[in-house]
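Encoded as structure tokens, the structure appears first; notes follow it.
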Amino acid sequence: MKKQILTFLIISILLFLGNFIVPAMMNPYLFMILIYCGINIIMGVSLNIINGITGQFSIGHAGFMAVGGYVSAAISFYVLMPLLSLFPSDNTILSLFFQNALFVASLLLGGLGAALFGYLVGLPSLHLRGDYLGIVTLGFGEIIRVIILNLDFIGGARGFTGIPAWSNFFWIYFFAVAVVMVSFRLLGSSHGRALLSIREDEIAAESIGIPITRYKVKAFVLSSFFAGIAGGLFAHFIGYLNPSSFTFIKSFEAIIIVVLGGMGSISGAIVAAVITTILPEALRPLQEFTRTDFRMVIYPLLLLTLMLTRPQGLFGNKELSDVLPFLKRKKSP
Amino acid sequence: MNGDALLKLDHITVAYGAIKALKDISLSVNEGEIVTLIGANGAGKSTTLRTISGLLKPQEGKVYFKGHDISGKKPHVIVQQGISQAPEGRGIFANLSTEDNLEMGAYSRKDKESIQRDKEHVFHIFPILQERRKQEAGTLSGGEQQMLTISRALMARPKLLLLDEPSLGLAPQIIKQIFKVIQEINQQGTTILLVEQNANMALHIAHKAYVLETGKIVLQGKAQDLLNNPDVKKAYLGE
């Protein structure tokens, strides 16, 4: 545990330094791709908790991302920005620190908002199995989007403009690392085992004394919380939110990440998130070459080929540490 | 009926929708016994077990365990009270290792040392599981999986072990072995309620037996007596 906190601190310091170096190292386009990679990692790894580890098929991840994004954007816009304007913005370290602290608070509140929705949706619907849960969560995602579309104070269909662009390389990867580490801790804990056993066989899990609905709801809430954080980071990076960013297509992107990486594999979700973010962009030059947009023909074809040749996903049920044994932490006695 | 029975079902009725799977079932299991529930497909044997373990709720009637009413309680509460079920069709966690499966069985317990001891004990009962401890449970043979299911249920240290068709789909030689172990487990102090289609084997190791037919108990008595009962012989023993 101590060692992990230390690792986390070291990574955070590296990320903090990277925050000054990385954007200067590349052009804004590449930097944007890098940022999307980070957000998609959070999205994929968080969905993996419910779809991969617990085996509950949720198709409403974009909905939770939207809740998190809009809640934190609204808090920043209506509460934190007026609050900050009371103080002189002199760009000193203190005021920057203050601004970042408020940003994190706003992100966490966004995450909590999403988690609350996760709880409300999960409680009645996690009694359902398989495709039924899929339909409920899909419906929920769309309901959220339509509600936002009709809320004028957060922009409605025009979109929410003027969100402060407080998000940066550091925060996005800081939360990505946090989500990944929490996922790994979860997988190794007795909670994680309970979730895995629910995925393997619900009746058997129930018969050995696991309160399965309670655990499903817990996993759902945690997953929604992280999705909300991803939404908040996204909102504060672009500075603009539009309901059409959170259609079910976005949910499917998250599912593609989980399935492509291998259901339940955290390493798989990370790798798949990077691949699915970079691949469509890497195929862009093709468009110049052929003068037609073949991108969205090639990209799905690549995914199809991959799923046909490796139906269990890139990593299957394994983690990077299973493939490369030297990465494995020694089991504490 | 015995007043201090470990488990007592009192006029239980269970329905799936409009169809009654159990009609007014009463039975009792005393401490230290092996009680078997035999009957054909669809007679309601598994339904009875599922009702006891809390996976199903009875429409009418009560389930008493150690004198307390446990009907309608959640499965995890019932496991904590000391009833553990080895579900039908070997509900194992296929992608987890044999050892992890066993540890999951001890889920509701906290004391690591005694869990370790019980694991050794289970390995002593089924040495093959020790050889397979690191192997994914889904790759075990049918017999090994059944042993694992029973072992996993034992890891909860139950007072009462519910076994649902442990002989299902197994070779006769393996069945013999499993039934021998069931007897051993019983002799070490665990009360067992055994549901079986293999009436012959079940009646040979049980103390008491109930015969279920389309949701009703049609016969009950000492296992030895039922073995010699002409109706039972004709219907279930193929003689």
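Just a few scattered comments:
- Applying a threshold of 8 Å to beta carbon distances and a minimum spacing of six or more residues, or different chains, the list of pairs starting in the stretch A:99-113 at a residue that is under 15 Å from A:Ala66 (Cβ atoms) and in contact (Cβ under 8 Å) with a residue 60 or more places away in the chain and ending at one that is in a helix (DSSP H, G or I) and among the hydroxyl-bearing types (Ser, Thr, Tyr) reads A:Leu107/A:Ser72; A:Gly110/A:Tyr70; A:Gly110/A:Ser72; A:Gly111/A:Ser72; A:Gly113/A:Ser72.
- Just one residue in the set A:Gly239, A:Gly262 is crowded, with 21+ Cβ neighbours inside 10 Å, modelled with pLDDT under 95 and on the phi > 0 side of the Ramachandran plot; that residue is A:Gly262.
- Summed over the stretch A:67-91, the residues that are surrounded by 24 or more Cβ atoms within 10 Å (Cβ to Cβ) and closer than 17 Å to A:Pro164 by Cα give a count of 7.
- Conditions (1) in contact with a Lys or Arg (Cβ under 8 Å, 6 or more places away or on another chain); (2) over 26 Å from A:Leu196 (Cα atoms): number failed by A:Gly264: (2)
- On the stretch given as the stretch A:201-214, residues that are part of a helix (DSSP H, G or I), surrounded by 20 or more Cβ atoms within 10 Å (Cβ to Cβ) and either more than 9 Å from every other protein chain (Cβ to nearest Cβ) or in contact (Cβ under 8 Å) with a residue 12 or more places away in the chain (or both) total 1.
- Some residue of the stretch B:111-121 being within 11 Å of another protein chain (Cβ to nearest Cβ) and over 24 Å from B:Leu170 (Cβ atoms): yes
- Residues in the stretch B:158-178 that are among the basic types (Lys, Arg) and either more than 17 Å from B:Ile52 (Cα to Cα) or part of a strand (DSSP E or B) (or both): 1 in all.
- Residue within the stretch B:52-60 that is more than 21 Å from A:Glu200 (Cα to Cα), assigned to a helix (DSSP H, G or I) and either among the small types (Gly, Ala, Ser) or within 13 Å of chain A (Cβ to nearest Cβ) (or both) present: yes
- Selected residue (only one of A:Ser183, A:Ser189, A:Ser197 is within 14 Å of another protein chain (Cβ to nearest Cβ) and in contact (Cβ under 8 Å) with a residue 12 or more places away in the chain): A:Ser197
- B:Thr139, sole failed condition from (1) away from every other protein chain (no Cβ under 14 Å); (2) out of contact with any helix residue (DSSP H, G or I) (no Cβ under 9 Å at 6 or more places or on another chain): (1)
- Counting only helices (runs of 4 or more DSSP H) that sit completely within the stretch A:228-333, those holding 1 or more residues that are among the β-branched types (Val, Ile, Thr) and touching a Ser or Thr at 6+ places or on another chain (Cβ under 7 Å) correspond to A:248-261, A:266-282.
The values are calculated or read from the model by the stated rules, or taken from the named source; none is laboratory data. Note that the coordinates shown come from a computational prediction; the quantities given were computed from them, not determined experimentally. So basically every Cβ, Gly included, is an ideal-geometry build from the backbone, and we count neighbours across all protein chains shown.
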